[in-house]
């Protein structure tokens, strides 16, 4: 059969750079043998040869031509090996899979983007697009949370974004340190008082399940409409094409119907909100 | 309607061996297993009931190499396609689910798709029912109506032959000398056997008071928080037999291993009853308790598939009842779901 017909086959990609973000998180810059066009919010499967495959959402701007970055927290068998990769190593990539963020639905609206921990990764890609096309959107608000200042991802971007006048950015940490000047506490705590047009404002959330649950609740309390909330869901996507059954979420497969879902699609699934 | 004698049927299978690896159900103790054809020996049973192993095994292999290194090629072996003889209606019905999964969505699975195209199915009517049979409750008759190339209705002196596809028609037409006109008596005999088997399955359903599928709508969702799941899961030993033995269960695991020259990727059957099935990186498990995984199996079959594909992912074959070492009985659970207010 012809090239591209085998959905299980990865293409080769060279590791061109490894950036240590935090003690447990690294960003890998990869140069795939064939170009992978992805939209913000879509994900790829990364193969460490001989070890296995795991899903990651690219964290680099989707406009980059030759390279993409993935940000990987060391939590298991595959990610342990990912953290040992060095420039020049070869990995495999499949994808992109799933649906990304429906950017057209955001046009002309105020946007509140909420990220937590490793959930910053897909949001970084999204933020690049939003800032690239800044004039198409209303107010842009970013609220992020992480464990400690040492766990904060993308320090360079965060500093640059914090300096922008067309972006209202605030980061909170669970536990501060001597140098931390920002707020301390949960991300829901810095959602109070956001200045947003509730009638049309869009909420975009990506982070650990608990953060998603309480941040969603918070945004709804603040008056945002259910149909204007978008959540990135975490499941153990494997095949990426809706066949292997692992990432079922109610009547959806996270891999092909997500990982970005509109709140109204998933609000009745008890597993998420219970 | 055509007819073929036992003798000519042996010739037909012998002839088909040139193009196919022919498998026939053989009886061993109380079960039937598919074995490579080696003549119509006494243990070959074309009628009777479904084989021990599900038909899906010939189309969606328990273990299949799906990729080699970064090569874009699909890893097809050189083997001849398979001709499966004696497949039963409950297994054929499962193709509706498997086709939906493996041929649908944006990507077709090249391995399943090729097997569906290349393999030959010579199905057969059931000639009796065993006590776990409840196909009628799922609107499946104990004789094939669709999804076969050729169907056989066992008679005393041979088989009544029906074709169900162009491939089947061509095989019969190309070997006209092996077939004769069935005649009315044989057709009557066949219908009589079918009536007997239907009656036997109906008796099973009545005795066990198994609900008809029409009563199942919304039953899982209604009982999502019910005690039924924890109660039924008490004896479960988490072996996953109900998954692997099921003709519609399609979940699989991809894993890589080092091959001779490069990495090889395999697809093996997976089972949602197993603890780590839905576990995500870092260890969080959306279904940490066994009863949640048992519920998941029923949710998938009786809630998910009706909603996304318009059909229940159960064919009433009863294999999971026979396979379960803990005596967890799908009929009992369905009954409880329907009867529980």
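Before moving on, here are some points about what is shown:
- Any hit, the stretch B:169-183, residues being under 17 Å from residue B:328 (Cβ atoms), in contact (Cβ under 8 Å) with a residue 40 or more places away in the chain and in contact with a strand residue (DSSP E or B) (Cβ under 8 Å, 6 or more places away or on another chain): no
- Residue match in the stretch A:115-137 (condition: assigned to a strand (DSSP E or B), touching a residue at least 60 places away in the same chain (Cβ under 8 Å) and within 15 Å of the chain's Cα centre (by Cα)): yes
- Here residue B:189 does not fit the description of being under 27 Å from residue B:133 (Cα atoms), in contact with a strand residue (DSSP E or B) (Cβ under 7 Å, 6 or more places away or on another chain) and at pLDDT below 95.
- If you check B:160, B:136, B:152 for being outside any loop (DSSP other than H, G, I, E, B) and within 25 Å of residue B:310 (Cα to Cα), only one passes: B:136.
- One residue stands out in the stretch A:51-84 among those that are within 10 Å of chain B (Cβ to nearest Cβ) and assigned to a loop (DSSP other than H, G, I, E, B): the one that is nearest to residue A:132 (Cα to Cα), namely A:74.
Table: residues versus (1) touching a residue at least 24 places away in the same chain (Cβ under 8 Å); (2) within 19 Å of the chain's Cα centre (by Cα); (3) within 13 Å of residue A:113 (Cβ to Cβ).
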{"position": "A:152", "(1), (2), (3)": "yes, yes, no"}
{"position": "A:165", "(1), (2), (3)": "no, no, no"}
{"position": "A:186", "(1), (2), (3)": "yes, yes, no"}
{"position": "A:189", "(1), (2), (3)": "no, no, no"}
{"position": "A:200", "(1), (2), (3)": "yes, no, no"}
{"position": "A:215", "(1), (2), (3)": "yes, yes, yes"}
{"position": "A:226", "(1), (2), (3)": "yes, no, no"}
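- If you check A:91, A:107, A:114 for being modelled with pLDDT of 95 or more, farther than 21 Å from residue A:209 by Cα and in contact with a helix residue (DSSP H, G or I) (Cβ under 6 Å, 6 or more places away or on another chain), only one passes: A:107.
- The number of residues in the stretch A:246-256 being touching a residue at least 60 places away in the same chain (Cβ under 8 Å) and either more than 10 Å from chain B (Cβ to nearest Cβ) or closer than 12 Å to residue A:234 by Cα (or both) comes to 2.
- Single residue of B:97, B:84 found to be within 14 Å of chain A (Cβ to nearest Cβ) and more than 20 Å from residue B:129 (Cβ to Cβ): B:97
- Cβ-Cβ under 6 Å pairs, at least 6 apart or on other chains, the stretch A:22-34 side touching a residue at least 40 places away in the same chain (Cβ under 8 Å) and in the same structural domain as residue A:87 (by TED's automatic domain parsing), far side assigned to a strand (DSSP E or B) and exposed (fewer than 14 other Cβ atoms within 10 Å of the Cβ): A:26/A:20; A:27/A:19; A:29/A:17
- Residue B:329 being without any contact (Cβ under 8 Å) to a residue 40 or more places away in the chain, closer than 24 Å to residue B:275 by Cα and over 16 Å from the mean Cα position of the chain (by Cα): yes
- Per the listing B:307, B:203, B:275, the residue uniquely out of contact with any strand residue (DSSP E or B) (no Cβ under 8 Å at 6 or more places or on another chain) and assigned to a loop (DSSP other than H, G, I, E, B) is B:275.
- Residue list for the stretch A:27-50, restricted to those being over 13 Å from residue A:91 (Cβ atoms) and not in a loop (DSSP other than H, G, I, E, B): A:27, A:43
- Residue that is nearest to residue B:255 (Cα to Cα) [pool: residues in the stretch B:80-112 that are under 22 Å from the mean Cα position of the chain (by Cα) and part of a loop (DSSP other than H, G, I, E, B)]: B:109
- Of all residues making up the stretch A:197-215, the number that are away from every other protein chain (no Cβ under 14 Å) and surrounded by fewer than 23 Cβ atoms within 10 Å (Cβ to Cβ): 5
- Scan of the stretch B:218-243 for residues that are within 19 Å of residue B:325 (Cβ to Cβ) and part of a loop (DSSP other than H, G, I, E, B), ordered by number: B:234, B:235, B:236, B:237, B:238, B:239, B:240
- Taking the stretch A:167-184 as the range and being under 22 Å from the mean Cα position of the chain (by Cα), farther than 30 Å from residue A:107 by Cα and in a loop (DSSP other than H, G, I, E, B) as the test, only A:174 passes.
The values are calculated or read from the model by the stated rules, or taken from the named source; none is laboratory data. Source: prediction; values computed, not measured. Virtual Cβ from ideal backbone geometry, glycine too; neighbours counted across all protein chains shown.
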